[in-house]
């Protein structure tokens, strides 16, 4: 699949509803699934960080918000990684190729590359990994950007891909942290994996601890070129914001939030965001899901 990089305009004017046919559905350990859908209008407009609001079955009234992992604009296809956590995703996991699902998307504002920081440190946790894979693929298609991109992934369940030892050297990476995502490796994008489950080749601990060790090993000149882009559970994003403050790095986070309508009408996914010296309530669905990390997770100072 190709995720050709495009400008990242606000997505409110490009949300479409279409009947998306299931192309395939792959099962992975711990009830994780990779779903491929024929959704040409969504594929045309999706950007890294945007998501779809997907019907999970004819007898379920509420849709589920799911991040887009990859797109193939020429084929009109999108790829979604999800984990079964409730009735909706359990029903979705039973869907078969050829079945139609109502797909609302793409929704939300995506990641915005920092204009003066060419090195991208991507940090993904669990089902927060997909937007970073989308972003990594988009960056890999830009001249000389693949070599300046690093994706660190953390999971407490087996990864939904077949990891292998990396052939891309990464100065400053702890010994033994050699497992990578083979697809990213084929794009020329370095990746490393972290888990407290002691999976072979993975860093033993939190992915943010791995990021901390790698950042600490970089020179001041290299760090001055780095920006952080992250998605995952709230505690992980909070830790990413703390990392950004410690190393004085700009950071963006894609929030994961429950939502009902996903188009800004119900205001059920609002979060408090700092704007200058004041605070405001912002809707994750249309004002986000990507925000500046410091606006959502400000320091105590």
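Screening residue 48 on (1) at pLDDT below 95; (2) assigned to a loop (DSSP other than H, G, I, E, B) shows it passes everything except condition (1). Of the helices (runs of 4 or more DSSP H) contained entirely in the range 203-301, those carrying at least 3 residues that are free of Cβ contacts under 8 Å to residues at least 40 places away in the same chain and within 17 Å of the chain's Cα centre (by Cα) fall at 234-247. Would the range 129-142 turn up any residue that is farther than 30 Å from residue 205 by Cα and in the same structural domain as residue 234 (by TED's automatic domain parsing)? Checking the range 129-142: at least one residue is farther than 30 Å from residue 205 by Cα and in the same structural domain as residue 234 (by TED's automatic domain parsing).
So if I check each of 220, 242, 196, which one is over 18 Å from residue 66 (Cα atoms), assigned by TED's automatic domain parsing to the domain that holds residue 129, surrounded by fewer than 19 Cβ atoms within 10 Å (Cβ to Cβ) and in contact with a strand residue (DSSP E or B) (Cβ under 8 Å, 6 or more places away or on another chain)? One residue alone meets the criteria, 196. Considering the range 113-159, and only residues there that are in contact with a helix residue (DSSP H, G or I) (Cβ under 9 Å, 6 or more places away or on another chain) and assigned to a loop (DSSP other than H, G, I, E, B), the residue that is surrounded by the most Cβ atoms within 10 Å (Cβ to Cβ) turns out to be 155.
The values are calculated or read from the model by the stated rules, or taken from the named source; none is laboratory data. Nothing here was measured: the structure is a model prediction, and the numbers come from that model. Please note: Cβ atoms are built from the backbone with ideal geometry, for glycine as well, and neighbour counts cover all protein chains shown.
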